[in-house]
Structures are given as C-alpha cells and as structure tokens.
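Inspection log for the structure reproduced underneath, given as structure tokens.
Each reported figure results from applying straightforward, stated rules to the coordinates on display, with no laboratory input. Because the structure is a prediction, the values reported are computed rather than measured. Every residue, glycine as well, gets a Cβ built from its backbone with ideal geometry; the counts of neighbours run over all protein chains shown.
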C-alpha cells in the first residue's frame, strides 16, 4: 500500500492563477498611467510656456516690460541674478548642512540627534512669506551696518565695491535668506545618506588609529558624496525658483553686477514675474511667460546635472 502526503501550500501559491494575473495587469496599468500622466503634465507645462512665450521674441520697447529694446535685454540680467543669488545661497548653506548632518549622525547622542533632526525639518514647513518678512525686518537692518563696515574696510574688493545700501536690501541679504530656506533640504538629504553608511566602516577606521575626523573623511564622506552633491543641486533648483522671499527682500534693478552690498542689484526671474504679472497685458504677458520658460530650462539643466552626478558616483 502506498501512502501519499499533501504538502501545505503558501497563501500566494493557493491563489488562483487567473486572479494573480489580473492583479499584475492592474498594477502595471496603474504604474504606467502614473508615469505617463507625469510626463504629460511636464510636457503640457513646457508646451504652454513655449507657445505663449515665443511671441515675446518679436517684442519692441513699446510692448515689452520696462521698455527694453528686446526680450534678451530683460532675460540675461534676470537669469544672472537668479543664478548669482542661488549660487551664494548654496555656498552658505552647503557647509552648514553637511556639518549638521555629520554632527547628528556621527557625534551627537541618539536622542539629541533625533531632536535636532526634527528641529531642522521644521524649517522646511515655514512659509516663504515668513522668511521674507524675517529677512526684511530682521536681517536687512543688521546687514546694512555690516555692509557699511565692509565697504569702508574692503571697498577695494569688487564684491564689496560701490556705495553700500542703506536699507540692506541687497543680493547678499537675499542670498542669506535663501540659504536658510534651502538648508533643511541639504541637511536632511545629507543626514539620510550619511546614516546609510555602515558603522563598521567608521569603527574599522577608528580601530586602525584614525581620529574621528579622519574616520569621517576617509570612511563616510566618500560613500555619501553622491547623495550630498545631489541634495545640494536639488537645493539649488529650489533657490532658483523661490519667489516671495526674494521679492520682499531684494531691491532689484535691471543690471548685471557682481557687487553684493550696493543698491544696484540684479533681479531674479521668479520675483520679477510675481511683481509684474498683475499689471501685465498683451505682449508683456508673453514676455513674462518667456522668462518662465527660461527659468524652466535652467531648473531642468540643474536637475539633470544632479541626476548625472548621482549616476556617475554610483558607477
């Protein structure tokens, strides 16, 4: 007599094959729909900016904002101002963000690190208009006195040349406010990337006689470099598109100037659009949409660079 035994099957194996196939098809349809929808939205925004922005290329002084002779005389100073202020904001925020991430993950006790991490995350929840008010009423008056001192002692340096602003509403003040705004993004992404580095790497470096800084420099930063760079570039994209805080803090003029403390400050694209759109009409609206297209392209280049850096570091 032959005995047969029925082995128990798992829940997944017990499901009917047809039912599993239907679930897989539904999942594929949903994910494909989400991906296609995202691409369509991005393409729709780009097409809208191109269709309504390109007519501004034929504008004249009578139809364009600020009576500029052609649209490029408006585009280049604003693009320069956006890039210039965002670059300084990134220069200020990146070392602080990386230092904060290293302190929270490598130095501070776990409970203190959790509290500080929650505190830095709260900065990201503050509206930009609040940052603008803070920069206008707190940072700018203090900065005005600092700018007078910089001009008197370092006025020979091109960045600090010219008559210092009496109100403190300069490109440097706007960059400081932007730095505080993008700091949470850099600090949070750097913290998450650094926390993924195996602690055994640091322990091995310390066991070989390295100091704490040497262990971090040799065992932590090389592995986290791609994430840190990507976070900084994403923060740069956020700074390029910031509107309200810059519009409230900066006193712009249509110029290309590297001076940081004088009253002749280049404006930014986003702030210029926000300030001039309510009163715009006709070809002026097309000019503002053209500026939006240029900012769209600039942000796309920054984000594409961030992704390229990540892929290169991963390889």
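Okay, here's what the table says:
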{"read-out": "Histogram of C-alpha separations across the range 169-266, 5 Å bin width, %", "value": "2, 13, 16, 14, 12, 10, 9, 9, 7, 5, 2, 0"}
{"read-out": "Volume in Å³ per residue [convex hull over Cα atoms, computed for the chain]", "value": "237 Å³"}
{"read-out": "Relative contact order (percent, whole number), the range 22-314, Cα cutoff 8 Å, 6+ residue spacing", "value": "29 percent"}
{"read-out": "0 to 90° range, to nearest 10: angle between helix 110-123 axis and the chain longest Cα axis", "value": "50 degrees"}
{"read-out": "Fewest-first sequence of 100, 154 by Cβ atoms within 10 Å of each Cβ", "value": "154, 100"}
{"read-out": "Length-normalised contact order of the range 117-226 in % [C-alpha pairs under 8 Å, at least 6 apart]", "value": "27 percent"}
{"read-out": "C-alpha long axis of helix 171-195 to longest principal axis of the chain, angle in °", "value": "10 degrees"}
{"read-out": "Length released on extending from residue 217 to residue 30, taking residue separation times 0.36 nm less the Cα-Cα span", "value": "62.9 nm"}
{"read-out": "Potential extension, residue 206-residue 255 segment - 0.36 nm per residue separation minus Cα distance", "value": "12.3 nm"}
{"read-out": "The range 165-315, relative contact order [Cα under 8 Å, separation at least 6], %", "value": "31 percent"}
{"read-out": "Crossing angle, helix 17-53 versus the chain [Cα axis fit, 0-90 degrees, rounded to tens]", "value": "10 degrees"}
{"read-out": "Distance from the range 238-315 to the range 38-90 (C-alpha centre basis), Å", "value": "9 Å"}
{"read-out": "Cβ-derived FRET efficiency at R0 22 Å, residue 304 paired with residue 277, nearest 0.05", "value": "0.20"}
{"read-out": "Over the range 212-315, equivalent-ellipsoid semi-axes from the Cα gyration tensor in Å", "value": "36, 18, 10"}
